[in-house]
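Asks: Pasting a structure below so you can have a look.
Any read-out appearing in this document is the output of simple, stated calculations on the displayed coordinates, not a laboratory observation. Since the model is a prediction, treat every value here as computed from it, not as a measurement. Cβ placement follows ideal geometry from the backbone for every residue including glycine, while neighbour counts extend to all protein chains displayed.
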Amino acid sequence: MSRSWSHLLLCCLKGCIHQAGCLFQRMPPVHNRHLKWCRLNSQLTSGRKHKQSAEISPSEWTSPLQLEPVELDLDYLCNPDSVQDIQNNIGNRKGVGDIHLVRKLYECYQQETDPIKRQDLHRKFINAALNIPNRSHPLAPIGDESKARLVETVGTQRNFDFEPLTVVEIGEKLGHLRTDKLTHTTGPKTYFFKDGFAKLEQALIRYTLSKILKKGFQLVGVPELIHPDIVEGCGFKTTGETVQVYRLCPETYGQVCLAGTAEMPLAGYFLNEVLDHKKLPVRVAAVSRCYRAETSGVEEEQGIYRVHQFTKVEMFGVTDGNSSSGDNLLSEFIGIEKEIFSELGLHFRILDMPSVELGAPACRKFDMEAWMPAKKFWGEISSTSNCTDFQSRRLNIKYRNNQGNLRHCTTVNGTACAIPRTIMAIVENFQEKDGTVLFPKVLWEFMDDRTQLSKSYHHGKIHWIKFSRSK
Amino acid sequence: MKIPNLGLSRSLLKFLRTRTCTQNLLKQTWQQQDVRVNQRPLTYCYVGKLHKGCKISKRYYSTSRLFISDSTAGQISQYVDLDLDIDARLSDPKKLKANMEARKIQFSVDELVTNRRRMLDIKEQKERLEMEREENAKQMAVLVREKKGLPEFSALSRPMIERGKEVKEKLKSIMSQWWEVEENVMLTALSLPNNLHPQTPDSSPEVVEEYFAERKMSSDLSHYEIMKKSNLVKFSNVGPRAYYLQEKLALLEQNLIRYFSRRLEVDGFIHWTCPEMFKPVVVEGSGMDFMNRNELFCLQQKSKSDFDSSDSSSSIDSVYFRGVSLASFSAYLTRSFIEESALPMRLFTVGKSYVPCTQNSLPGLYGGVQSTKCCVLGICRSPEESWDMCNNIREKVISLIKPFKVPMRLVVIPASCLHSSEEYRMEVQIWVPSQEQYVMMGSVSMLSDYVSRRLMIRCGENPNHLHKSSPVHMVYGEVMDISRLIYCMVEYNKLEVPQLENT
């Protein structure tokens, strides 16, 4: 031990802190010798004897994530003729981005001769250019939410001969949902699905997968802890006051975010890939847990409408760079979603979203909103976006065209099923006067022939304890 | 962590202690303490020892969310009424010492016994002084009522006032002693592990059952080579130890989720879907150490003014990210009274589990940061009922894995490898060819009333008669680490899920 300490001190004195740290980590801590015993014992417990020689980490795990330099469309961004269009587009969206700054930095960069200053200017120019939102589709409405264009209304609004209850009231009354008194244990905007709702969640996942897998989608199991660069590459911010992305403590775990949607890891799936144009479009899907820090004080969005953790089945497509390909894939996704929600018997509408609602990456976006009869509002249950080459330029997703040239792909993503809101729509629309809920017929086989939601077996048996500490 | 005196001069030692590099080394050492080979918590006693040598704020490390001393200025209120039954645990110090020894925990039971006695003495003195203060106040009130304004009032009241002041001063002094000893005893008591079940072996694991041992095989290829060759997994650096399950395995995962869920439902387990993030109360109450960043992830805190600031006491707390685990159930059941007629209760949940990777994690995908797990909780009235429940869950786990026909064994884990919340644990381990060892796929743990006493989970006949209630006994099981099972199935080249019978 003292020999090791002497070596340690020598390393400190020489300033080799890193070396000393490594040495230190190999030493069992003095007053926790039993940990060493436990380490040995655990090896005995599971017969642990690592195959040292063969177990080498894959190179993907040992090499840090390094994105290729972003290949922005400089011909468009730096063209003086495009400035007005881009400026208008920025103004029509949320006003984020400064094309004049981009052009100014570009000009300075072009004129600068000093290599260090040139590098700095280039970095600033790229950062400013990355803030410019995607182009808007010529047919996308311009303006705020009120300018959304109604494409179609599906189903009919049910006329209730009683006052419909909210999903929270029904769920809690029947013992299938808990949303209250969770602030100190799991935090606000969290919930527990129990019994019928938990089963309904699994049924919806299996039903949705049964639909989309038949349409040529490949299911992929995705990681939910991802590098912020992947998130940013998809067009979501990971820093700032109003950021909606959770991060792990960076001091301890490095740069890791929780995926807010499977779109992020699915886009990461194609990172640095060069696809064969003959195999396009590629359609993939994922069932993932989504983590979002967003909250809302709006009355309609209480309950399970806007929550921090939820399950979603997401569709993601990659196709060639032709505008028609992206439009076709987008239409295909919308068609699938329409089929899913129609068969569930929901009353919903399809909206062509206006410029302010597009976000940074989307060129065009269609939302589906289901009628929520309890609070009488249209609640978004699906969103489908064509991001053209916005994400592919940032994540280096390319294909080789007929001529053998590399081009950036178009990416399209869409919600096949967001579980809590779909449950909300089903429960509120199919509730009966006696408080039960009839499940849509298409779900019966996935519910193991359970046709309705009634009182849970253990409902009313668990009571909250009121407690005030007295000394 | 004290730097030993190696004959160096005082000034040099002082210099070394204050150097940033030494501080960093000490911090790394502290971080190294968090290496959890067998989920052994770093107790508050160890925290105390660390503090002496480190220039690290004691307050940061000696916090608890279960016990909040009255001496703190009310920013955080105690959320649960702890029922640690300290006197019962200390009534047999020999048993407690044997427990500590078997678990290989360095802990001074005698010190705790002494402090507890001192705590009770001070409590007695405090109560006596409080009674005297009350009595004095009553007498003063009578005097004021009867004699105020009269000439003798001053003479009669003066000694009472003096006495009142004296008692007040004594109370002030005794209170500061009380808070100190109370915090010491409570934090130490909170760090005590569960008792040991009589069936828990002391030193070595016991193999209880073994199945399909004749099918054990080894592999020339490493685990990575097998996965890469199969083309069923895509390794990636989009995240820590990230990987994508290609279509076949992704479908297999969904089918396995369905398989385990349905079998448990048919056997009377109620399905829950739970949040993945937990507050420190739940983490600590479940026996985990929320200071240990190797045991569970901690989310980056947002500013207090941001987002969920509806409750000031909870918003300043960290949020822990663990996924499917004991905390999933504990979070719901915290401060719950369960009617006895509903017991025993069987619950299950399926979902993602997230565990930081440490140097002691299994290699490759078996030690992944993210996995899909199926976990169960049995809630019982008594130790006997929980023993039956434990065996029931054990049988369930074996019956679920047996159809896969892979070499597996049931092992009872020794005391030294138990988590602090466990009194007994059985593991179901499957032989993994690439590792040439058995790897844990599932487990069943008896928790007795350890968690329920910490989180106020009670049962009884009438929820209005809390004083007649008792803490529940819990049995927690990780029925299956579905992700590990998948990798195992790839190695055995068996990608079919057994048929669901009678469902």
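Asks: Just add up the charged neighbours of A:LYS461: K/R +1, D/E -1, any other residue whose Cβ is under 10 Å from the Cβ of A:LYS461.
Replies: Net charge around A:LYS461: -2.
Asks: Where a ≥ b ≥ c are the square roots of the eigenvalues of the C-alpha gyration tensor, would you call chain A rounded, which needs a/c under 1.5, or, failing that, prolate if a/b is larger than b/c, or oblate?
Replies: Oblate, because a/c is 1.5 or more while a/b does not exceed b/c.
Asks: Something else now. Taking a point 7 angstrom from the Cα of B:ALA342 along the C-beta vector, which residues in segment B:259-296 have backbone N less than 20 Å away?
Replies: B:265-275, B:282, B:286
Asks: Does segment A:204-307 come out rounded, prolate or oblate by the C-alpha gyration tensor, with a ≥ b ≥ c the root eigenvalues, rounded set by a/c under 1.5 and, if not, prolate when a/b is larger than b/c and oblate if not?
Replies: Oblate.
Asks: Once the other residues with Cβ under 15 Å from the Cβ of B:VAL208 are scored (Lys, Arg +1; Asp, Glu -1), what is the net sum?
Replies: For residues surrounding B:VAL208, the net value is -1.
Asks: Sorted by packing (mean other beta-carbon atoms within 10 Å per residue), highest first, where do A:360-370, B:349-359, A:169-179 land?
Replies: Descending mean neighbour count gives A:360-370, A:169-179, B:349-359.
Asks: Given a Förster radius of 35 Å and the C-beta distance between B:ALA137 and A:TRP464 as r, what FRET efficiency does 1/(1 + (r/R0)^6) yield to the nearest 0.05?
Replies: 0.40
Asks: What is the distance in Å between the Cα centroid of segment A:384-443 and that of segment A:301-320?
Replies: Their Cα centres are 8 Å away from one another.
Asks: Could you compute the FRET efficiency for B:GLU162 and B:GLU127, with r as their C-beta to C-beta distance and R0 at 30 Å, rounded to 0.05?
Replies: Efficiency for this residue pair is about 0.85.
Asks: Still on this structure: Taking every residue in A:256-262, how many Cβ atoms of other protein chains lie within 10 Å of its Cβ, on average?
Replies: 2
Asks: Still on this structure, I have one more. Take peptides B:160-171, A:287-298 and line them up by average Cβ neighbours within 10 Å, highest first, as a rough protection proxy.
Replies: A:287-298, B:160-171
Asks: Separate question: When ranked by the protection proxy of mean other Cβ atoms within 10 Å per residue, highest first, what sequence do the peptides A:245-256, B:202-213, B:243-254, B:414-425 form?
Replies: Ranked from most to least packed, the peptides come out as B:414-425, B:243-254, A:245-256, B:202-213.
Asks: Taking a ≥ b ≥ c as the square roots of the eigenvalues of the Cα gyration tensor of segment B:305-439, is the shape rounded (a/c under 1.5), prolate (a/b larger than b/c) or oblate?
Replies: It is oblate, given that a/c is not under 1.5 and a/b is not larger than b/c.
Asks: Moving on to the next point. From other protein chains only, count the Cβ atoms within 10 Å of every residue's Cβ in A:214-223, then give the mean.
Replies: Going residue by residue through A:214-223 and averaging, the value is 6.
Asks: In whole Å, what is the distance between the alpha-carbon centres of segment A:127-194 and segment B:365-395?
Replies: Here the answer is 36 Å between Cα centres.
Asks: For peptide B:246-253, how many partner chain Cβ atoms fall within 10 Å of a residue's Cβ, on average?
Replies: Neighbouring Cβ atoms belonging to other protein chains average 5 per residue here.
Asks: Output the DSSP H helices from chain A with an along-axis C-alpha extent of no less than 24 Å and a mean Kyte-Doolittle hydropathy no less than 0.0.
Replies: Counting only whole DSSP H runs, the qualifying helices are A:196-214.
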